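This report refers to the structure that appears directly beneath it.
The values are calculated or read from the model by the stated rules, or taken from the named source; none is laboratory data. Note that the coordinates shown come from a computational prediction; the quantities given were computed from them, not determined experimentally. Using ideal geometry, Cβ is built from the backbone for each residue, glycine included, and neighbour counts are taken over all protein chains shown. To get the accessible areas, we keep the full protein, side chains included, count just its heavy atoms, and leave off ligands, DNA and RNA. Shrake-Rupley method; radii C 1.70, N 1.55, O 1.52, S 1.80 Å.
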Amino acid sequence: MKSKEYAQAAGDVNRSIEDDLQELVQLFAHVVQSQKRGGANQSPQAFVEAFEQNHLGPRHVRVLMNLAFEDAQSVSRLAERIGLSLGTTSLMVGELSKAGLVLRSEDEQDRRRTIVRLHPDHVETVRLLLRERTEPMRRALERMDPDDRATFMACWRVLAEEVGSV
């Protein structure tokens, strides 16, 4: 379906829930597959090897992407942002640290807290990966007027609540 057809379907208030559900499933599958394929990022061999040799996977990418958005955060803040338990997030941070992709340090203000940040050798690679993965979303959001964007984001929050990720 081309963007003009998307706009026409969006303006049709007489569509049934089933019609919209069918289209949503197709659109969602298309977006997910596009994200899985990724962009043209040719990650440096050291980054690829760190992932492969340490048996890291897509779940670890969530941690890296969040650190690319907001570097140097506590493990508890990171867990909150990615919607996982503190224990699971701490385990993933440990695996990423062992792989040399992130650095952990003690919080100067509260020695009980661990601060995590991207390893300097991989900051640019992870930020490039983030830009490649988020650019289609950025362009889509930019095409919407502020009211439509607010409605779109509200709808995604409702969907996230329904699947239990928030």
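What to note about this one:
- Cα-centre dipole for the chain with unit charges at Cβ (Lys and Arg positive, Asp and Glu negative), debye to 20: 400 debye
- Neighbour net charge for residue 12 - beta-carbon separation under 10 angstrom, K R +1, D E -1: -1
- C-alpha long axis of helix 146-163 to longest principal axis of the chain, angle in °: 70 degrees
- Exposure check, 1.4 Å probe, all protein chains in place: residue 144 carries approximately 50 Å² of accessible surface.
- Here segment 81-105 and segment 113-131 have alpha carbon centers that stand 12 Å from each other.
- Dmax and Rg, reported as Rg then Dmax, of segment 117-166 (C-alpha, Å): 14.9, 41
- Where 60, 55, 30, 119 fall by accessible area, highest first, once all protein chains stay in place (1.4 Å): 55, 30, 119, 60
- GNM flexibility winner over the chain from 25, 75, 93 (Cα, springs under 10 Å): 25
- Selection among 100, 163, 56 by position relative to the dipole of the chain gives 100 as farthest towards the positive end (Cβ unit charges, Cα centre).
- Surface share of carbon and sulfur [accessible, 1.4 angstrom probe, percent] for the chain: 53 percent
- If you take the alpha carbon atoms of segment 39-131 and fit the smallest convex hull around them, that volume is 91 Å³ per residue.
- Charged-residue dipole, Cβ positions (Lys, Arg, Asp, Glu), segment 109-153 about Cα centre, Debye nearest 20: 360 debye
- Contact order for segment 15-166, expressed relative to its length and based on alpha carbon pairs under 8 Å spaced 6+ residues apart, stands at 24 percent.
- Exposure rule at most 16 other beta-carbon atoms within 10 Å, DSSP loop GluC sites (Glu not before Pro): the chain longest free segment: 1-69
- Residue separation of residue 163 and residue 150 scaled by 0.36 nm, minus their Cα-Cα distance, works out to 2.7 nm of gained length.
- R0 of 41 Å, Cβ-Cβ distance residue 23-residue 53: FRET efficiency to nearest 0.05: 0.45
- Gained length - residue 135 relative to residue 77, 0.36 nm times residue gap less alpha-carbon distance: 18.4 nm
- Largest-first principal axis extents of the Cα set of the chain (Å): 58, 35, 27
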